[in-house]
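Each remark here refers to the structure printed beneath this line.
The values are calculated or read from the model by the stated rules, or taken from the named source; none is laboratory data. Worth saying up front: this structure is predicted, and the values here are computed from it rather than measured. Ideal geometry is used to build each Cβ from the backbone, glycine not excepted, and the neighbour counts take in all protein chains shown.
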Amino acid sequence: MESPFKPEILKGKVVLLTGGASGIGFEISTQFGKHGASIAVMGRRKAVVDSAVSSLQSLGIPAVGFAGDVRKHEDAKRVVESTIEHFGKLDILVNAAAGNFLVSPEDLSPKGFKTVMDIDSVGTFTMCHEAIKYLKKGGPGRSPDDSGGLILNISATLHYTATFYQIHVAAAKAAVDAITRNLALEWGTDYDIRVNGIAPGPIGDTTGMRKLGPDEIKSNRQETMPLYKLGEKWDVAVAALYLASSAGKYVNGMTIAVDGGLWLSRPRHLPKEDVRKLSRVVEKCARAAPVGVPSSKL
């Protein structure tokens, strides 16, 4: 799809993306690169990282990749420092690394719960912690006239209400949202760093959708999805572009849901035609009632 943004809106920016070699993370890497940014991607699987870098470079995007695990402090430190060594600075950190699988709470082991918490929430904080000295206003490689950088955390909407078979991810993403708000408050005040998030809904053609039951979602979408369709990775990437561009310069501490309104939806309790019939009966009774008779007597 054609971007609504000018191709140079991120010109001169350096972006490090965890989970940036696949899925939504790779689409953000691609769109940021197409709009002028230099890209560093981090992922656990070296072959996937190398393939992503090759794809980005084939588009003329300055790109480099580093194998690493966000759960390991030494990997986080190494990748951030390697990004600085390669590009000279860091302007934007995108935390897109995540883990997920369907499981009932009683079948989820404490180790499985901890693994997802470590990747999503602890990993997010670890990367932020390692990047702060480069992102803050006046940090190494930043011009004295530059404002602070941006941290963008990829979250979810699962914890806004509750979601079957997702207690581990809901807990992890709730923590991510809390990290986003608290860092936006403290680092926005102290270091001029903006911290925001994006909460994608069901996005087609992703590993997450293939693992988490896309057939059921597609078959029931008219009853459960306000826009009746799955989202696209492009939708999330363009939201990220907005937050990373000057258009989003006054947005801080917000997590934007990109899910077509799905988190608001519930199955209908009654078919719409039944509601219309009921409404007509109530209106007819109201018109026929004598003036001054309380509605409770109708």
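Within the stretch 124-137, can one find any residue that is among the polar types (S, T, N, Q) and part of a loop (DSSP other than H, G, I, E, B)? Full working, then the answer.
At the first step, the residues of the stretch 124-137 found to be among the polar types (S, T, N, Q) are 124, 126.
Cutting the leftovers down to part of a loop (DSSP other than H, G, I, E, B) gives us none.
For the stretch 124-137, residues among the polar types (S, T, N, Q) and part of a loop (DSSP other than H, G, I, E, B): absent.
Just name the residue that is farthest from the chain's Cα centre (by Cα) out of those in the stretch 6-23 that are assigned to a loop (DSSP other than H, G, I, E, B) and among the small types (Gly, Ala, Ser).
Pass one, the stretch 6-23, residues assigned to a loop (DSSP other than H, G, I, E, B): 6-13, 19-22.
From what is left, the residues that are among the small types (Gly, Ala, Ser) are 12, 19-22.
Working: GLY12: 23, GLY19: 12, GLY20: 12, ALA21: 15, SER22: 14 Å.
Restricting to residues being assigned to a loop (DSSP other than H, G, I, E, B) and among the small types (Gly, Ala, Ser), the top hit is GLY12.
Tell me, please, whether a residue that is assigned by TED's automatic domain parsing to the domain that holds VAL94, within 14 Å of the chain's Cα centre (by Cα), touching a residue at least 40 places away in the same chain (Cβ under 8 Å) and not in a loop (DSSP other than H, G, I, E, B) can be found in the stretch 161-169. Break it down into steps so the answer makes sense when it comes.
First, pick out the residues of the stretch 161-169 that are assigned by TED's automatic domain parsing to the domain that holds VAL94: 161-169.
Right, trim to within 14 Å of the chain's Cα centre (by Cα) and you get 169.
Then drop every residue that is not touching a residue at least 40 places away in the same chain (Cβ under 8 Å), which leaves 169.
After this cut, where a residue has to be not in a loop (DSSP other than H, G, I, E, B) as well, the list is 169.
Yes, the stretch 161-169 has at least one match.
Only one residue in THR83, THR157 is touching a Phe, Trp or Tyr at 6+ places or on another chain (Cβ under 9 Å), under 19 Å from GLY197 (Cα atoms) and of a type in the set (Ser, Thr, Tyr). Which one? Give the steps one after another, and end with the answer.
On the way: THR83 fails: under 19 Å from GLY197 (Cα atoms).
After applying the criteria, what remains is THR157.
I want to confirm something. Restricting to the stretch 216-258 and keeping residues that are at pLDDT below 95, of a type outside the set (A, V, I, L, M) and not in a helix (DSSP H, G or I), which single residue is surrounded by the fewest Cβ atoms within 10 Å (Cβ to Cβ)?
Residue satisfying both the conditions and the ranking: TYR228.
Among the residues of the stretch 56-74, write down those that are without any contact (Cβ under 8 Å) to a residue 24 or more places away in the chain and either in a strand (DSSP E or B) or closer than 30 Å to THR115 by Cα (or both). Full working, then the answer.
Here is the first cut: in the stretch 56-74, the residues without any contact (Cβ under 8 Å) to a residue 24 or more places away in the chain are 57-58, 60, 72, 74.
Listed by number, the residues that qualify are LYS72, GLU74.
Looking at (1) of a type in the set (Ser, Thr, Tyr); (2) buried (at least 21 other Cβ atoms within 10 Å of the Cβ); (3) at positive phi, find the lone condition where SER155 falls short.
SER155 satisfies all of (1) of a type in the set (Ser, Thr, Tyr); (2) buried (at least 21 other Cβ atoms within 10 Å of the Cβ); (3) at positive phi except (3).
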